[in-house]
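Values in this text are rule-based calculations from the coordinates and carry no lab data. Worth saying up front: this structure is predicted, and the values here are computed from it rather than measured. No Cβ is skipped: glycine too gets one built from the backbone with ideal geometry, and neighbour counts run over all protein chains shown.
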Amino acid sequence: MKKNLLSILLVLVLAVGLLSGCSGSAGSTQGPSENTEQTDTQEEGAQTETPAEGGKTIVMGAQSDLVTLDPGNMYEPYANMISYAAYDMLYRVQSGTMGTPVPSVATGYTLDETNTVYTFTLRDDVVFASGNKLTSKDVAWSFNRVLNMKESNAYANMKIVDHVDTPDDYTVVVTLTEPDASFLVKLTSNAYCILDSEVVKEHGGSDTGGDTAKSWLDTTSAGSGPYIIESWTPKEQLVLKKNPNYWGEQKNIDTIILREMTSVDAQITALQNGEIDIALGLNSETAKQLEGVENVQIEKGVTAMLTFLVMSRDESLSPEMSNPLVQQAVRYALDYEGILTLGGEGCTIPLNFVQDGFAGAQMRDASYRDLDKAKELMKEAGYENGFTVTLTCANNNSEGTEWTVLAQKIQQDLAEINIDVQIETLETTLVYEKMRDASMPFYIMFWTPDYYDINNQFAFMPGMGDDGTAYGNRAKWDVSSENQAMWDLADKIFVEPDEDKRAEYSKELQELFDADNPFAFLLQHPKTYAYRTDTLESAPYNDLCKIQLCDLKAK
Amino acid sequence: MLRYILRRLSLMVVLLFGVSIMVFAISHMVPSNPAAANLSQTALNDPEIVAAYEAKWGLDKPLYEQYFIYMENLLKGDMGTSIRTGRPVMDDLKQYFPATLELSIFAMIFAIVLGILSGVLSAVFQNKPIDQVLRTVSVSGVSLPSFWFALVVMSFFCGTLKWFPSGGRIDPRLFNPTGGTGLYVIDAIAWGEWGMLKDSLAHIVLPALVLGFFTMGLITRQTRSNLLETMSMDYIRTARAKGMKESRVVWGHALNNALIPVITVAGMGFCNLLGGMVFVEKIFSWPGIGQYAYLSATTLDFPAICGVSLLIAVTYVVVNLLIDILYGVIDPRIRYQ
């Protein structure tokens, strides 16, 4: 019996060894938590401070999917919500707009006659949370850091920058590789966050390649925003504390906590019970559970998320579906009113690739459906008796609208013009890979821009090969003499600094695009969220940074 | 016995090697690419970014080379870096595994204690109303889908009654524990933080109940049938004939023998917990290994997939070893050579 007990002890030691190997940092004994005071110095993985004592604390419930807090690596949907709170950029998105840039650290800029050299003047009163002054050197260092991280998603927004000069402490000269009218908008994204270069360099930061600061930036922040990232436990919670050295107007919230809540039902219950102050993971349907609940306000924010159909022009995939006349027939055959109902309250139907909020956006009338015209086009194409095609659909959703449900609706609608749609449902990553290979004749996809300007939407223009556009390649839609006029307009929009002129060109472009393209744009989705009115004055939404934490006001 | 344990542990190395090959091969058979799963749509259309991404994560190397590099690093104790999170896989596992382990332990305590108790009561009061009720509960346990049960439990206890918090491991307004073992209940006791202990217990009750409900049902049924069989044996009749108290007969004599198959069921139940873990973690926003494994699989994060698989394999082996040893303790006739 003693031997047995010894054996059990041995295995238990092994189990405990396994446990301790997979638990918190060895030797970290620091305690818990209950609203203790802040400690500035801490070992990695060690106990950080906790929510402020006596101060106002706001808790948000969301499924954020944040995987890093390093502005040079972020691109997840909620990335800018955090970077906007902890960092500054030269320009920020104006509150309540889709992407209108307004000066932040920069006071203004001049643009040379080539439209490629931007000279920014900086405020001289901006300080980082560390107390260091923010100067042009920090701006140049931060931009160069991302320029040397070519494997990062943020690099896609930064690669328009050729080089950065700093003639003095408060002047930054940015030279672009080519004129880009959307550059100010790009400046508002996390790629252009200004980091405290002295501090980040101490933790492995580099602006010449080989940067190793990510792991440190995942635990804290090195910015000049109104809040400091105090701690982050991925998939559990992120704590932001008020920055005592903030150069702007101090906020009336001391602590903001992003609590990861993977279940929408849990978010709804927690909001009702007052465990959280904002629930971000709602959609039109689930929000109905909160209608009439005391002290709860349901809001809808405008997003740039599009859901659309791609109909490949590759004849080898489907000679029928690749026919431009059939593609036009599909657009006429869809029951947009029914699709709007599926999308829920707040959805709209963009005419094509330019969302509501972008230059010259045009909407499609929900009563656009014309089955007679659709049948005529099918007849003209030689497919009066119809054909069978596979519609590929990922097991995904756009702001709560399930793609499989949309696929069934499309199947139903197209049956009326004798198109027999066979739905194929696949895992999302498989659909992405097939999309990249351009191997699907007909599929549902969604799109959220990397920056909030029409220039980003040219991903839907024709063009194939290494210099092609994203969806030109994916739909096998190449530039031709017939659609060259679209590019002539797009090229003007790309560089035109005057927003009114861009809107005019955009309208003209969309008319041409609507006459011939391999897509059917189904929905532009709203973001539904709710907050408690007994703790918050307001919770403004902006699609780039979701909830604008800097503009949150507690009661 | 010690030799037996050492032999089992040495076999674990072979098992882990096999697991690593299988997981590596299977996950690479998926016709997709981590770049497609992790890069934005704009970045994915940029050959420069895709090439830099594949070079950074070694995806441009042949599969066998990727495997050798992985194994070489693994032998040095480095499980690689997660493609999705950009953090060392070991750090990710250190963060997520304690949450899962804590939940599993509580679920098993719930399942074993209530399962055995219900099974004994059910057997002792065979065909009485209490037996009927407990049998209904146990059948419900093995037949209710865990995701549905979790939603109902949350809606009733958190929404309607407001007795428990609706998800998470702890109230973030009050506590932000880091360091320690990562098992909040244990840490709270170690730190003497009774408020944190109460809060973490309040958070773990419902997910543990849901997660352990299936295993509890199995244990109840197994205990009941084994106990009924044992109670009809001669030595029990002899004990009763000698005038031994019924409670002593049941708890002191019959239950010991009836428990051997129950241990097997409990072991299997522990392993089954990992299957239900993904749903329960999602519904109760429990930041554990289940969700990490799910996200790693859907983004083709090969190092993370391998890391999780190896960790689960080790857990299985250790749990099974413990069970085998427990057989010997409960039944002295069982000896290992």
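Structure notes:
- Shielding by partners for peptide B:179-192, expressed as the average number of C-beta atoms from other protein chains within 10 Å of each residue's C-beta, is 5.
- Toward the positive end of the charge dipole of the protein assembly as shown, with +1 on the Cβ of Lys and Arg and -1 on the Cβ of Asp and Glu, the farthest Cα among A:161, A:115, B:172 is that of B:172.
- Around the amide H of residue A:547, modelled in the peptide plane, lie the amide H atoms of A:542, all under 5 Å away and 5 or more residues distant in sequence or on another chain.
- For the protein assembly as shown, DSSP calls about 75 percent of its internal beta bridges antiparallel.
- Fraction in percent of alpha-carbon pairs per bin - 5 Å, the stretch A:398-555: 2, 7, 12, 15, 16, 15, 13, 9, 6, 3, 2, 0, 0
- Crossing angle, helix A:499-515 versus chain A [Cα axis fit, 0-90 degrees, rounded to tens]: 50 degrees
- For chain B, modelled as a GNM whose springs connect Cα atoms under 10 angstrom apart, the maximal fluctuation among B:326, B:310, B:206 occurs at B:326.
- Between B:79, B:277, B:22, the Gaussian network model of chain B with springs among Cα atoms under 10 angstrom shows the greatest mean-square fluctuation at B:22.
- Sorted fewest first by neighbouring Cβ atoms within 10 angstrom, A:502, A:436, A:259, B:135 come out as B:135, A:436, A:502, A:259.
- For chain A, the relative contact order comes to 18 percent (Cα pairs under 8 Å, sequence separation of at least 6).
- Considering only A:231, A:394, A:509, and ranking their Cα positions along the charge dipole of the protein assembly as shown that arises from unit charges at the beta-carbon of Lys, Arg, Asp and Glu, the one farthest toward the positive end is A:231.
- Per-residue average of Cβ from other chains inside 10 Å of A:265-275: 6
- Extending 7 Å from the Cα toward the beta-carbon at both residue A:408 and residue B:264 defines two label points whose distance is 4.4 nm.
- Across chain B, Cα pairs under 8 Å and at least six residues apart give a relative contact order of 29 percent.
- The residues packed around residue A:90, meaning those with a beta-carbon under 13 Å from its beta-carbon, carry a net charge of +1 if Lys and Arg are +1 and Asp and Glu are -1.
- Linear extension gain, residue B:126 paired with residue B:51, 0.36 nm per residue minus alpha-carbon span: 20.1 nm
- Chain A: translational diffusion in µm²/s, Stokes-Einstein, Kirkwood Rh over Cα pairs, 20 °C, 1.002 mPa s: 83 µm²/s
- Residue-wise HN-Hα coupling along the stretch A:434-449, computed from phi with Karplus coefficients 6.51, -1.76, 1.60 (Hz; x: Gly, Pro): 5, 5, 5, 7, 6, 10, 10, x, 7, 8, 9, 8, 10, 8, 10, x
- Couplings 3J(HN,Hα) of the stretch A:118-125, computed from phi: 9, 10, 9, 9, 9, 5, 9, 10 Hz, in residue order, whole Hz [Karplus 6.51 cos²θ - 1.76 cosθ + 1.60, θ = phi - 60°; x for Gly and Pro].
- Two-decimal Rg/Rh across the stretch A:301-527, once Rg and the Kirkwood Rh are taken from alpha-carbon atoms: 0.94
- Qualifying trypsin sites (Lys or Arg not before Pro) in the stretch B:211-248, DSSP loop, other Cβ atoms within 10 Å at most 10: B:242
- Estimated FRET transfer efficiency when R0 is 25 angstrom, pair residue B:117-residue B:189 (beta carbons, to 0.05): 0.50
- Annotation: peptides A:320-333, A:487-500, ranked by per-residue average of other Cβ atoms within 10 Å with the highest first, follow the order A:320-333, A:487-500.
- Size of charge dipole - the stretch A:456-501 - debye, nearest 20, with Cβ of Lys, Arg +1 and Asp, Glu -1, no other charges: 280 debye
- Pairs from A:251/A:555; A:214/A:242; A:434/A:476 whose Cα-Cα separation, in the structure shown, is over 18 Å: A:214/A:242
- In terms of the mean number of neighbouring beta-carbon atoms within 10 Å, the peptides A:448-459, A:109-120 order highest first as A:448-459, A:109-120.
- Here the dipole of the stretch A:301-527 is about 360 debye; that uses its Cα centre as origin and unit charges on the Cβ of Lys and Arg (positive) and Asp and Glu (negative).
- Of B:210, B:262, B:13, the residue with the greatest mean-square motion in the GNM of chain B, using alpha carbon springs below 10 Å, is B:13.
- Helix A:403-415 and the longest principal axis of the C-alpha atoms of chain A enclose an angle of approximately 0°.
- Considering helices alone, the calculated mean residue ellipticity of chain B at 222 nm is -24000 deg cm²/dmol, with DSSP H runs of length four and up weighted by -39500 (n - 2.57) and normalised per residue.
- The stretch B:52-79 and the stretch A:343-362 have Cα centres separated by 44 Å.
- Order of A:398, A:221, A:130, B:32 under a 10 Å beta carbon neighbour criterion, fewest first: A:130, B:32, A:398, A:221
- Exposure proxy for A:555, A:241, A:251: other Cβ atoms within 10 Å of each Cβ, ordered fewest to most, give A:555, A:251, A:241.
- Residues of type lysines that residue B:128 reaches as a straight line, Cα spacing below 27 Å, ignoring anything fewer than 8 places off in the same chain: B:242, B:245
- Reach of residue A:409 by Cα under 19 Å, taken over lysines that are not fewer than 8 positions away in the same chain: A:375
- Mean shadow area of chain B over all directions, Cα convex hull, nm²: 22.5 nm²
- Rounded to the nearest 20 debye, dipole of chain A from Cβ charges on Lys, Arg, Asp, Glu: 1340 debye
- Partners of residue A:527 within straight-line reach, counting lysines whose Cα lies under 17 Å from its Cα and excluding those fewer than 8 residues away in the same chain: A:288, A:300, A:546.
- Nearest-ten-degree value, helix B:129-143 long axis tilted from longest Cα axis of chain B: 20 degrees
- Only helices enter the 222 nm calculation for chain A: every DSSP H run of n ≥ 4 contributes -39,500 (n - 2.57), and dividing by all residues gives -8500 deg cm²/dmol, rounded to 500.
- Whole-Å distance, taken between Cα centres, linking the stretch A:491-541 and the stretch A:247-278: 28 Å
- Percent antiparallel among DSSP beta bridges (both partners in the stretch A:301-527, rounded to 5): 65 percent
- Which of A:417, A:327, A:304, positive extreme of dipole for the stretch A:301-527 (C-beta unit charges): A:417
- Part-to-part distance (alpha-carbon centres) for the stretch B:166-209 and the stretch B:210-269, which is given in Å: 34 Å
- Where Rh is the Kirkwood radius over Cα pairs, Rg/Rh for the stretch A:257-332: 1.30
- Partner shielding of A:154-161 amounts to 3, given as the average count of beta-carbon atoms from other chains within 10 Å of each residue beta-carbon.
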